[in-house]
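Have a look at the structure below before the remarks.
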Amino acid sequence: WGDFRGMSTATVKLKDLAGAVEISCEANQGKVDKKALQHAFQVVGGFDLKNEMVDVIFALFDANDTGSIDRHAFFTALKLRKYRGTARRREVDPIAFVGCAGTCFNHYMF
């Protein structure tokens with residue numbers, strides 16, 4: 001739970017986190033390795049990214065097994081996670097809501 005909460009908290013500072021990783025990338029011949037990613041999360045995000053979580057991130061975003069993640073894909077995924085569809089307009093259907101509420105009422109009351 002702590003790792004999930006930490007990742008969610010870090011997405012609040014997504015631009016700063018991306019900037020820190022970008023600086024680290026420039027200093028490391030264009031690569032973002034595990035140590036650099038953990039350091040960026042510690043300094044900017046304020047939490048320790050555990051080795052297991054880093055391994056999962058690298059399994060997903062190091063497509064070529066080079067020891068460096070595709071930072072653009074990683075931060076795009078974090079950005080999408082942060083906004084989880086809030087940019088999409090949702091239609092409110094009062095009739096569907098009443099029907100759903102009635103189904104729930106009948107299910108739990110009878």
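Overview of results
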read-out: Pairs with Cβ under 8 Å, 6+ apart, first in segment 46-60 and under 18 Å from LEU17 (Cα atoms) and of a type outside the set (S, T, N, Q), second at pLDDT below 85 and open to solvent by 60 Å² or more (accessible area, probe 1.4 Å); value: GLY46/THR9; PHE47/THR9
read-out: Residue satisfying all of: in segment 1-24; open to solvent by less than 50 Å² (accessible area, probe 1.4 Å) and modelled with pLDDT of 75 or more; farthest from LYS79 (Cα to Cα) among these; value: SER24
read-out: Single condition LYS31 does not satisfy, out of (1) surrounded by 12 or more Cβ atoms within 10 Å (Cβ to Cβ); (2) more than 16 Å from the chain's Cα centre (by Cα); (3) at pLDDT 85 or above; value: (3)
read-out: Any chance GLY67 is at pLDDT 80 or above and over 18 Å from the mean Cα position of the chain (by Cα); value: yes
read-out: Residue that is nearest to VAL12 (Cα to Cα), among those in segment 58-78 that are touching a helix residue (DSSP H, G or I) at 6+ places or on another chain (Cβ under 7 Å) and open to solvent by less than 50 Å² (accessible area, probe 1.4 Å); value: LEU78
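The values are calculated or read from the model by the stated rules, or taken from the named source; none is laboratory data. These numbers come from a predicted model, not from an experiment. Note that each Cβ is placed from the backbone with ideal geometry, even for glycine, and that neighbours are counted across all protein chains shown. Remember, those area values only see protein heavy atoms, side chains included, never the ligands or the DNA or RNA. Shrake-Rupley method; radii C 1.70, N 1.55, O 1.52, S 1.80 Å.
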